[in-house]
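In what follows, a single structure is set out as structure tokens and then discussed.
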Amino acid sequence: MALVGPTASGKSATAMTAARLTGCLEIVSIDSMAVYREMDLGTAKPSREDRAEVPHHLLDVLDPAEECSVSLFQQLAREAIEQIRDRGKVPLLVGGTGLYHRAVIDNLEIPGQFPEIRADLEALADEPDGVAVLHARLSELDPLAITKIEPGNARRLVRALEVTLGSGRPFSSFGPGLETYSDSSVLQIGLETARSLEAERIEERVHSWMAAGFLEEVTALSRRPGGLSRTARQAIGYRELLAVVEEGADLNEAVTATISRTRVFARRQRSWFRRDPRVVWEASITVAINHVVDAVERIKVHLEVGD
């Protein structure tokens, strides 16, 4: 089962209530930034009390200096889910990182990364007519992939060519892509929130982080001997406050930018999950909780019959 939706839609609170009611749920966080240790406030991690009461997984599993990739996250999630099931418990996936979520529930085949090849392609993309050259090259090497990529989308052209050249396989051979939604046994419940309420919650959340010491958290991270990885630095709020700490940017402007960027991110999350026809959307938290509880009861009956 999975709870999905935009940030500040109430996923964590809903998951905790459902876990208390069922007594057999363990929560698997599907969040690309909550994997990092020491990055707590800006990733809205569950409280220590909640984590002590209900087991949570994929929180604090990486050092902030490490890169987090889709394939690594997929591997960690598979291991966590298998361990939960081995204990006779039920995993509940909770989070809003859409690509990571799809990688887990649809078992996507994730192409590898080839940094040296990517660097050469990115350098080519920056040259005059470089994007056109990339487009022509991919057209020759992978005619199917090129039909799904806009001619001017340098990022996707680079990625497709990186994989094709690095793996020796056409990029299009790595599964049907994100536009295809296969049948899935995973019940996905989307939490629907009025946009005005969502905007208010986001602003309140950011200000509460600041009051709780978000700037101090980012300052401590900036002084770590190992530094922060490129991935970690891009986290919403952290990027803005790092500019304050390291470059002397204005704090008020950074807070405003964090609120604005979070709202944009929420819109993108909503659009991502809305495209998935398998998601069952609920505006009522109570109804969403009942969905989870009912699904757990069905799973328990199935397990008992299997035994």
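The values are calculated or read from the model by the stated rules, or taken from the named source; none is laboratory data. The shown structure was predicted, so the numbers you read here are calculated from the model rather than taken from an experiment. In this analysis, Cβ positions are derived from the backbone assuming ideal geometry, glycine residues included, and neighbour counts consider all displayed protein chains.
Annotations for the structure displayed:
- Total residues in the stretch 269-289, condition touching a residue at least 12 places away in the same chain (Cβ under 8 Å) and either under 20 Å from Tyr238 (Cα atoms) or small (Gly, Ala, Ser) (or both): 3
- Consider the stretch 169-186 and keep the residues that are free of Cβ contacts under 8 Å to residues at least 12 places away in the same chain and of a type in the set (Gly, Ala, Ser). The one that is surrounded by the fewest Cβ atoms within 10 Å (Cβ to Cβ) is Ser185.
- Residue match in the stretch 156-179 (condition: of a type outside the set (Gly, Ala, Ser), within 30 Å of Thr14 (Cα to Cα) and in a loop (DSSP other than H, G, I, E, B)): yes
- Some residue of the stretch 129-148 being in contact (Cβ under 8 Å) with a residue 24 or more places away in the chain, over 24 Å from Arg230 (Cα atoms) and of a type in the set (Asp, Glu): yes
- In the set Ile189, Ile146, Ile117, only one residue is of a type outside the set (Lys, Arg), modelled with pLDDT of 95 or more and surrounded by 18 or more Cβ atoms within 10 Å (Cβ to Cβ); that residue is Ile189.
- Filter result (more than 20 Å from the chain's Cα centre (by Cα) and assigned to a loop (DSSP other than H, G, I, E, B)) within the stretch 186-228: Ala194, Gly213, Arg223, Arg224, Pro225, Gly226, Gly227
- Only a single item in (1) touching a Leu at 6+ places or on another chain (Cβ under 7 Å); (2) more than 21 Å from Ala295 (Cα to Cα); (3) part of a helix (DSSP H, G or I); (4) hydrophobic (A, V, I, L, M, F, W, C) is not met by Ala15, and it is number (2).
- Residues being more than 14 Å from the chain's Cα centre (by Cα), assigned to a helix (DSSP H, G or I) and surrounded by fewer than 21 Cβ atoms within 10 Å (Cβ to Cβ) - total across the stretch 77-113: 8
- Scope the stretch 28-58; condition surrounded by fewer than 20 Cβ atoms within 10 Å (Cβ to Cβ) and among the hydrophobic types (A, V, I, L, M, F, W, C); matching residues: Ala44, Ala52, Val54
- Members of the stretch 26-43 that are of a type outside the set (Ser, Thr, Tyr) and either in a strand (DSSP E or B) or at pLDDT below 95 (or both): Glu26, Ile27, Val28
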